[in-house]
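Structure first, commentary second.
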Amino acid sequence: MTAPGDFRDTPSPLRAVGEPPVVVAAEGVRKVYEGSGSPVVALNGVDLAVPAGAFYAIMGASGSGKSTLLHVVGGLTRPTDGVVRVEGQDLGAMSDRARTIFRRRRMGIIFQEYNLLPTLTARENVALPVLVDGRPLRDVEARVDELLAVVHLTARADHRPDALSGGEQQRVAIARALLNDPAIILADEPTGNLDSKQSVEIWTLLRRIAREQGKTILMVTHEAQGAGFADRVIVLKDGRIVGTLEPKGAADAALVATGYQELAG
Ligand SMILES: Nc1ncnc2c1ncn2[C@@H]1O[C@H](COP(=O)(O)OP(=O)(O)O)[C@@H](O)[C@H]1O
Ligand SMILES: [Mg+2]
């Protein structure tokens, strides 16, 4: 088994000395859902390499396989074929239990629904992963307060979710995802329930977390404006990557919108 931080197994033949290591690597990933009806090919040969500290957006029409790709990278769904490595570790070679522990330690996952517990305060929700482990809040209190500051919620730490806006609730979820200091953050349509002002706050925050904390971020979005905050945009169509876009600077929505239409339209 490779030690964390050892990337010898990561296939990155083009990586020059001094370039960041590949943190997420997918090779030949296919995912076929076998249901009662005919099988659905959700991913049809996806290759992807995401360098450490990069912010990648995944765009594509509804049903193009975006969530499936995120779930496969997060080890929530097993690919039918292909290999996914995170920090050089082959997710498919791990036992279910090892994969669950690896995910808990090395990945933070954010969904469109904020998945906060309504009876807990913002501070307690951020601490939830530790509370679930049966450890006391005081063990992580300083860390939780630091994270509440990162997401600009210090003043609202003692509020319950129903006293917070949608954007604030998502910021609690982001702070919670950072609690264990993961290598990667996976976000599936994190602004899907938010208005445009709150969406911009979330995209700006994710960008800052990649820059300042060196987190590798994969964010699914169908909004060109949001994808414009990323370093690179992966465009999916019918389970395949049909192209990538590189926004020039923050919020390059026009380039992304035009490029996306050309690739996926
Ligand atoms: N659990 C599942 N069982 C069967 N089919 C699924 C399942 N999840 C997704 N699909 C199908 O796989 C395809 C890709 O879905 P998904 O990854 O959710 O796309 P997106 O997130 O881009 O909308 C769709 O056709 C969807 O209906
Ligand atoms: Mg989806």
- On each of the three principal axes the extent of the alpha-carbon atoms of region 90-245, given in whole Å and largest first, is 48, 42, 27
- Task: Kindly identify region 18-98 as rounded, prolate or oblate by the Cα gyration tensor criterion: order the square roots of the eigenvalues as a ≥ b ≥ c, call it rounded if a/c is under 1.5, otherwise compare a/b with b/c, prolate if a/b is larger, else oblate.
- Result: oblate
- Query: So what is the diffusion coefficient of region 213-264 in µm² per second by Stokes-Einstein at 37 °C and 0.692 mPa s, using a Kirkwood Rh over Cα pairs?
  - Reply: 295 µm²/s
- Item | For region 154-232: rounded, prolate or oblate by the Cα gyration tensor [a/c cutoff 1.5] | oblate
- Query: Nearest-5 percent of antiparallel DSSP beta bridges in region 155-265?
  - Reply: 50 percent
- Query: Can you give the percent of C-alpha pairs in region 65-170 whose distance is more than 17 Å?
  - Reply: 61 percent
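Which longest run of the chain has no exposed loop site in it, a site being GluC sites (Glu not before Pro) in a DSSP loop with at most 16 other beta carbons within 10 Å, and the site itself not part of the run?
My reading of the result: 114-265 is the longest stretch.
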- Query: So which residue, out of D188, D133, D238, gets the largest mean-square fluctuation from a GNM of the chain using Cα contacts under 10 Å as springs?
  - Reply: D133
- Task: Compute the acute angle (0 to 90°) between the alpha-carbon long axis of helix 253-264 and the principal axis of greatest extent of the alpha-carbon atoms of the chain; round to the nearest 10°.
- Result: 40 degrees
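How much net charge surrounds T68 when only the other residues with a Cβ under 14 Å from the Cβ of T68 are counted, with Lys and Arg +1 and Asp and Glu -1?
+1
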- Message: For K31, give me every one of the aspartates and glutamates with a C-alpha distance below 14 angstrom, ignoring sequence neighbours fewer than eight places off in its own chain.
- Response: D47, D81, D238
- Message: Between V132, V150, V50, where does the largest GNM mean-square fluctuation fall for the chain, given springs only between Cα atoms within less than 10 Å?
- Response: V132
- Query: So what's the angle, to the nearest 10 degrees on a 0 to 90 scale, between helix 122-132 and the longest Cα principal axis of the chain?
  - Reply: 70 degrees
- Item | For the chain, built as a Gaussian network whose Cα springs stay under 10 Å, the top-fluctuating residue of A52, A163, A183 | A163
- Simple spin-label estimate for A253/R135, 7 Å along Cα→Cβ, in nm, reads 4.1 nm
- Query: Relative to the longest principal Cα axis of the chain, at what angle does helix 96-106 sit, 0 to 90 degrees, rounded to 10?
  - Reply: 60 degrees
- Using every pair of alpha-carbon atoms in the chain, split the distances into 10 Å bins beginning at 0 and state the percent of pairs per bin, rounded to integers. 7, 30, 35, 22, 5, 0
- Item | Rounded if a/c under 1.5, otherwise prolate or oblate - region 50-93, Cα gyration tensor axes | oblate
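Any read-out appearing in this document is the output of simple, stated calculations on the displayed coordinates, not a laboratory observation. Keep in mind that what you see is a predicted model, and the values were worked out from it rather than measured. Note: ideal-geometry Cβ built from the backbone for every residue, glycine included; neighbour counts use all protein chains shown.
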